[in-house]
Amino acid sequence: MNNEQYKEILQNRLTEKRYIHSLNVADSAKELALIYGCDPEKAYTVGLVHDCCKDEAAGLQLSYILENKVELTEYEINAAKLYHAISGRIFAEKEFGITDEDMLNAIRYHTTGRKGMSLLEKVVFIADFISAERDYNGVDVMREKAKRSLDEAIVEGLGFTIKDLITRNLVIHPDTVLAFDDAMLNLQKINQESK
């Protein structure tokens, strides 16, 4: 399958708002890929399909995940907002025929992040934060940081996410904390090397 075929399927699976978001994330991912030396076509494709299951009911997503024998942690079972990344990875492989493990991981971890993210994973993770339709308070700062340093943007984005989850008394997935710490350590290392 190719991106045009993915678009046709996504238009029928997603709300118009989510479909536009997917197109915008694809564009942002390609732009970041070109800046940081990542494969722009892979980045575009992953950005396009990353939310392929987002508009499915949580119960359907959970059933799909369990049918495909994916074991969920207690954090994941109790956080329906994370289901779409896990079900999306399965869907991308089974229905879209994407077999590239890096692309599948970029879909799987685009919501939580994780320690040791690949360049593609970082690109898609940040593209989702800065896509053209995003208008949250601080998005311009995120866009500036994304052009300077992926790790700087990850720290900014995850810092925002972690604070928000704490404010709302919600569980923070351990992958998110580890992704934040990993990006912080990368930044500290870069800062020490530049001294």
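The values are calculated or read from the model by the stated rules, or taken from the named source; none is laboratory data. This structure is a prediction, so every number in the text was calculated from the model and none was measured. Here the Cβ is made from the backbone with ideal geometry for all residues, glycine too, and neighbour counts use every protein chain on show. Side chains included, ligands, DNA and RNA excluded: accessible areas come from the protein's heavy atoms. Shrake-Rupley method; radii C 1.70, N 1.55, O 1.52, S 1.80 Å.
Go through the residues of the stretch 52-70 one by one and say whether even a single one is open to solvent by less than 70 Å² (accessible area, probe 1.4 Å) and either touching a residue at least 60 places away in the same chain (Cβ under 8 Å) or under 17 Å from Lys122 (Cβ atoms) (or both). No - not one qualifying residue is present in the stretch 52-70.
In summary, Tyr6 fulfils each of the numbered conditions (1) modelled with pLDDT under 95; (2) touching a Cys at 6+ places or on another chain (Cβ under 9 Å); (3) of a type outside the set (Lys, Arg) with the single exception of condition (1).
Going by the structure shown, is Ala127 under 23 Å from Asn24 (Cβ atoms), among the small types (Gly, Ala, Ser) and in a helix (DSSP H, G or I)? Don't jump to the end; show me each part of the working.
Working: under 23 Å from Asn24 (Cβ atoms): yes; among the small types (Gly, Ala, Ser): yes; in a helix (DSSP H, G or I): yes.
It is true that Ala127 is under 23 Å from Asn24 (Cβ atoms), among the small types (Gly, Ala, Ser) and in a helix (DSSP H, G or I).
Scanning the stretch 163-195 for residues that are open to solvent by less than 50 Å² (accessible area, probe 1.4 Å) and closer than 19 Å to Ile77 by Cα returns Leu165, Ile172, His173, Pro174, Asp175, Thr176. Going by the structure shown, is Glu76 under 25 Å from Ile172 (Cβ atoms), crowded, with 19+ Cβ neighbours inside 10 Å and at pLDDT below 95? It is true that Glu76 is under 25 Å from Ile172 (Cβ atoms), crowded, with 19+ Cβ neighbours inside 10 Å and at pLDDT below 95. Annotation: of all residues in the stretch 83-104 being of a type outside the set (Gly, Ala, Ser) and open to solvent by 30 Å² or more (accessible area, probe 1.4 Å), the one that is nearest to His50 (Cα to Cα) is Arg89. For Gly159, the criteria (1) free of Cβ contacts under 8 Å to residues at least 60 places away in the same chain; (2) open to solvent by less than 30 Å² (accessible area, probe 1.4 Å); (3) closer than 22 Å to Glu31 by Cα hold in every case but one, which is (3). Name the residues in the stretch 185-195 that are out of contact with any helix residue (DSSP H, G or I) (no Cβ under 6 Å at 6 or more places or on another chain) and in a helix (DSSP H, G or I), would you? Answer for the stretch 185-195, where residues must be out of contact with any helix residue (DSSP H, G or I) (no Cβ under 6 Å at 6 or more places or on another chain) and in a helix (DSSP H, G or I): Leu185, Gln188, Lys189, Ile190, Asn191, Gln192, Glu193.
Condition test on Ala153, is it under 17 Å from the mean Cα position of the chain (by Cα), open to solvent by less than 60 Å² (accessible area, probe 1.4 Å) and farther than 21 Å from Glu76 by Cβ? The answer is yes for Ala153.
So, Asn3, is that one surrounded by fewer than 20 Cβ atoms within 10 Å (Cβ to Cβ), at negative phi and under 14 Å from the mean Cα position of the chain (by Cα) or not?
Values: surrounded by fewer than 20 Cβ atoms within 10 Å (Cβ to Cβ): yes; at negative phi: yes; under 14 Å from the mean Cα position of the chain (by Cα): no.
In short, no.
Tell me yes or no: at least one residue of the stretch 108-122 is in contact with a Gly (Cβ under 7 Å, 6 or more places away or on another chain), surrounded by 15 or more Cβ atoms within 10 Å (Cβ to Cβ) and free of Cβ contacts under 8 Å to residues at least 60 places away in the same chain. For the stretch 108-122, residues in contact with a Gly (Cβ under 7 Å, 6 or more places away or on another chain), surrounded by 15 or more Cβ atoms within 10 Å (Cβ to Cβ) and free of Cβ contacts under 8 Å to residues at least 60 places away in the same chain: absent. Which of the residues spanning the stretch 123-138 are open to solvent by less than 10 Å² (accessible area, probe 1.4 Å) and among the β-branched types (Val, Ile, Thr)? Answer for the stretch 123-138, where residues must be open to solvent by less than 10 Å² (accessible area, probe 1.4 Å) and among the β-branched types (Val, Ile, Thr): Val123, Val124, Ile126. Restricting attention to the stretch 71-91, the residues being within 17 Å of Lys122 (Cα to Cα) and in contact (Cβ under 8 Å) with a residue 60 or more places away in the chain number 0.
For the stretch 130-139, a residue qualifies if it is assigned to a loop (DSSP other than H, G, I, E, B) and of a type outside the set (Ser, Thr, Tyr), and the qualifying residues are Ala132, Glu133, Arg134, Asp135, Asn137, Gly138.
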